[in-house]
């Protein structure tokens with residue numbers, strides 16, 4: 001193999017690596033929604049939950065959770081969920097009165113999910129109660145590259161955006177007592193308890 | 001006592017001073033001048049500026065045992081001072097490192113709690129949506145309404 005061929009091979013390998021890295025980054029970027037337009041609802045809401053966990057902070061959390069004794073089945077399940085996540089973004093608003101947010105606020109979220117890579121896998125509409133609940137997944141080959149759970153109800157607007165490989169079956173079957181306020185009683189209390197836990 | 005005129009004349013008669021009288025006289029005059037000039041210039045030259053260090057060093061030079069003791073005390077003082085300073089620096093660095101570590105630990109714990117809380121919310125919302133969707137799929141509208 002002469003010098004020119006070697007150089008060409010190296011350039012090709014570098015290009016492939018750059019392309020795959022850019023593609024991966026692009027996929028992650030696509031899986032993350034822009035939720036800044038909902039910030040204005042904070043003033044009207046009686047209860048606000050805002051979680052932004054990504055990058056080094058999420059890695060911190062993963063490392064700390066991985067240090068926990070693996071004998072606990074729930075912790076093991078939590079580890080398996082969180083280890084492949086690249087970002088967790090939640091905005092949840094609970095209002096004392098109905099109709100505190102506009103249809104446009106919800107449509108601004110939905111408009112980001114119109115790409116063919118996003119699939120709406122679950123939809124629940126109850127018009128009489130003004131409830132529009134949806135679950136979207138971002139297909140990444142055979143795997144799920146991101147999940148969006150949109151709960152738009154009369155007195156509540158919640159958007160959950162999980163970026164990365166999400167094992168949905170495991171998320172749905174997570175035990176409730178994993179909540180930090182209960183299992184880790186020595187830790188700071190959680191900002192908000194879900195309104196649907198009592199169901 | 002009575003002097004006669006002849007005695008006085010004899011006594012006051014000119015006498016020859018002898019050879020070298022002029023040289024001796026001039027030598028005496030010159031010696032007197034030299035002595036006078038030396039006595040005038042001595043006080044000025046004998047007033048050197050007082051230097052305490054010089055005096056102290058001079059004093060020490062004549063007492064080697066004291067000099068060794070002073071040097072030893074200085075060395076000991078510098079040694080103890082340096083050691084204490086290095087200990088202080090070390091303790092300070094350790095304190096900063098511990099504070100950073102503690103801060104990182106707190107951030108990590110906060111992140112972990114947030115992650116757990118976020119997954120808990122995700123689970124609850126997902127189950128909520130699935131439950132609603134499942135209930136909507138049920139054929140009996142009455143049962144569905146009751147369960148909702």
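The values are calculated or read from the model by the stated rules, or taken from the named source; none is laboratory data. Being a predicted model, the structure only gives us computed values, none of them experimental. Methodologically, a virtual Cβ is constructed for each residue, glycine included, from the backbone with ideal geometry; neighbour enumeration extends over all protein chains shown.
Pairs only if they're at least six apart or on different chains, beta carbon under 9 angstrom, first in the stretch A:53-64 and farther than 11 Å from residue A:87 by Cβ and within 8 Å of chain B (Cβ to nearest Cβ), second loosely packed, with under 14 Cβ neighbours inside 10 Å and at pLDDT 80 or above; list them, first residue then second.
Going by the 9 Å Cβ cut-off, the qualifying pairs are A:60/B:104; A:62/A:83; A:64/B:105.
State whether the residues of the stretch A:29-45 include one that is at pLDDT below 80 and part of a helix (DSSP H, G or I).
Looking through the stretch A:29-45, at least one residue is at pLDDT below 80 and part of a helix (DSSP H, G or I).
Return the only residue of A:96, A:74 being loosely packed, with under 14 Cβ neighbours inside 10 Å and over 22 Å from residue A:166 (Cα atoms).
Step by step, each of A:96, A:74 is checked, and only A:96 is loosely packed, with under 14 Cβ neighbours inside 10 Å and over 22 Å from residue A:166 (Cα atoms).
Suppose we keep only residues that are more than 14 Å from the chain's Cα centre (by Cα) and within 11 Å of another protein chain (Cβ to nearest Cβ) within the stretch A:132-148. Which one would you say is farthest from residue A:159 (Cα to Cα)?
Only one residue tops the list, namely A:132.
Just give me the residues in the stretch A:154-182 being surrounded by fewer than 20 Cβ atoms within 10 Å (Cβ to Cβ) and at pLDDT 90 or above, in sequence order.
A:154, A:155
What do you reckon, is residue A:171 within 18 Å of residue B:128 (Cα to Cα), out of contact with any strand residue (DSSP E or B) (no Cβ under 6 Å at 6 or more places or on another chain) and in contact (Cβ under 8 Å) with a residue 40 or more places away in the chain?
Yes.
Answer yes or no: is there a residue in the stretch A:60-67 that is in a strand (DSSP E or B) and surrounded by 12 or more Cβ atoms within 10 Å (Cβ to Cβ).
There is no residue in the stretch A:60-67 that is in a strand (DSSP E or B) and surrounded by 12 or more Cβ atoms within 10 Å (Cβ to Cβ).
Could you list all residues from the stretch A:132-144 that are modelled with pLDDT under 90 and surrounded by 15 or more Cβ atoms within 10 Å (Cβ to Cβ)?
A:140, A:144
Based on what the data block shows, is residue A:199 facing chain B (nearest Cβ under 8 Å), farther than 23 Å from residue A:33 by Cα and modelled with pLDDT of 85 or more?
Taking the combined requirement at face value, the residue does not satisfy it.
In the stretch A:109-131, is there at least one residue being on the phi > 0 side of the Ramachandran plot, more than 14 Å from every other protein chain (Cβ to nearest Cβ) and either in contact (Cβ under 8 Å) with a residue 40 or more places away in the chain or surrounded by fewer than 17 Cβ atoms within 10 Å (Cβ to Cβ) (or both)?
No - not one qualifying residue is present in the stretch A:109-131.
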